[in-house]
Every structure is written in C-alpha cells, then in structure tokens.
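The values are calculated or read from the model by the stated rules, or taken from the named source; none is laboratory data. What you see is a predicted model; the values in this text were computed from it and never measured. Glycine gets a Cβ as well: all are built from the backbone with ideal geometry, and neighbour counts include every protein chain shown. The accessibility values were calculated without ligands, DNA or RNA, using every heavy atom of the protein model including side chains. Shrake-Rupley method; radii C 1.70, N 1.55, O 1.52, S 1.80 Å.
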Amino acid sequence: MEIITGGVTAATGFEAASTAAGIKYQDRTDMALVYSQALCGSGNFTTNVVKAAPVKWDRQVIESGVPVQAVIVNSGIANACTGEEGFGYCKETAEAAAEALNIRAEGVTIGSTGVIGMQLPIEKVKAGIRVLAEKKNSSLDNGTDAARAS
C-alpha cells in the first residue's frame, strides 16, 4: 500500500480553502470549504434522536442521490436545536455556495460545530462562502488550513 502525504487536497481534483468569517469570534479561522471537481458523495449519519439542522440537510442530500460537489463547514455556532430557521439557513448556505461555485445547491453538504441553540449569522456565512470560493485551490497549505479551521 502506498501512503500518500497531504490532506484533502492530496487527492486529484480536490480543492480547499479557509477563512475568518467572524461567525462567533473576530479574526479566528472559522469556515472551510472542500470542493471536488468531480461529482461524488456518500454519508454516514448519527442514530441519535436529536439531529442538528446540517445533519438533516446532509442526509436529505445524500438520500436524494444528487452528487455532492462541495462541503461548507463552520465553527463557533452548531446550528443545532434551531428549528425551521436553522434548516432554512442550511438551504441558504447551499444556495450561496452553489452561486459562488457554479454548482447545484442540492449537491452541497454542510457541517457545523459550536454553541448549540444559537442561530447562525447567515450574512457572515454567505460572505465567508464568497471568500472561500475565491481562495480555493489544490495546494497542501489550503488543505491543511481548511482542516485547522476552528
């Protein structure tokens, strides 16, 4: 077996980026993007009764059979226990990513971690997505920085 060094961008066709969107703290890298030039996607989901909005969104994406081309991740606010508004923010996040990356919103998955019960500052998330789309590339540094976004 050959061991390949590098992160997510070591795989051909994958690009990544990170940015400080100010979701909870200023000047802290709190968003990341992983983008695939090829269509892909699969998922493994919690069996917990309580599921955050991004988990529900992602499960819907995977079960629809629409290929995935991007993952948008944020930290600081988990978008958990946020009701219909939180699920709506998943849709808005996917739509913003689709516009910025010229892909289908139905093929965007989302990951969030952080404080439970707070609503996302969706305008900051959308602005962060535009920055991520501009910065994405296949460099090892971008892949590493995306992995470290917290």
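Can you sort 104, 148, 28 by 1.4 Å-probe accessible area, starting with the largest?
Listed by decreasing accessible area, they come as 148, 104, 28.
Placing +1 at every Lys and Arg Cβ and -1 at every Asp and Glu Cβ, with all other atoms neutral, what dipole size does the chain have around its Cα centre, in debye to the nearest 20?
Roughly 180 debye, rounded to the nearest 20.
Once Lys and Arg get +1 and Asp and Glu get -1 on their Cβ, which of 94, 74, 62 lies farthest toward the positive end of the dipole of the chain?
Positive-end residue among those listed: 74.
Does region 99-147 come out rounded, prolate or oblate, given a ≥ b ≥ c as the square roots of the eigenvalues of its C-alpha gyration tensor, rounded meaning a/c under 1.5 and, failing that, prolate meaning a/b above b/c?
It comes out oblate by the Cα gyration axes.
If you count only protein heavy atoms with a 1.4 Å probe, what accessible area per residue comes out for the chain, rounded to a whole Å²?
55
Using every alpha carbon pair in the chain, what percent of pairs falls into each 5 Å bin from 0 up to the bin containing the largest distance?
2, 11, 20, 23, 22, 14, 6, 2, 1, 0
Leaving out same-chain residues fewer than 8 places away, which lysines sit with a Cα under 19 Å from that of residue 24?
Cα-Cα hits under 19 Å: 124, 126.
Is region 41-97 best put as rounded, prolate or oblate by its Cα gyration tensor, with a ≥ b ≥ c the root eigenvalues, rounded for a/c under 1.5, and otherwise prolate when a/b is larger than b/c, oblate when not?
oblate
At a threshold of 8 angstrom on Cα-Cα distance, excluding pairs fewer than six apart, so keeping six or more, what relative contact order does the chain reach in percent?
Dividing the mean separation by the residue count of the chain yields 35 percent.
Ignoring ligands, DNA and RNA, what percent of the accessible area of the chain is carbon or sulfur (1.4 Å)? Before the final figure, lay out each step's value.
On the way: 4180 of 8200 Å².
Its accessible area is 51 percent carbon and sulfur atoms.
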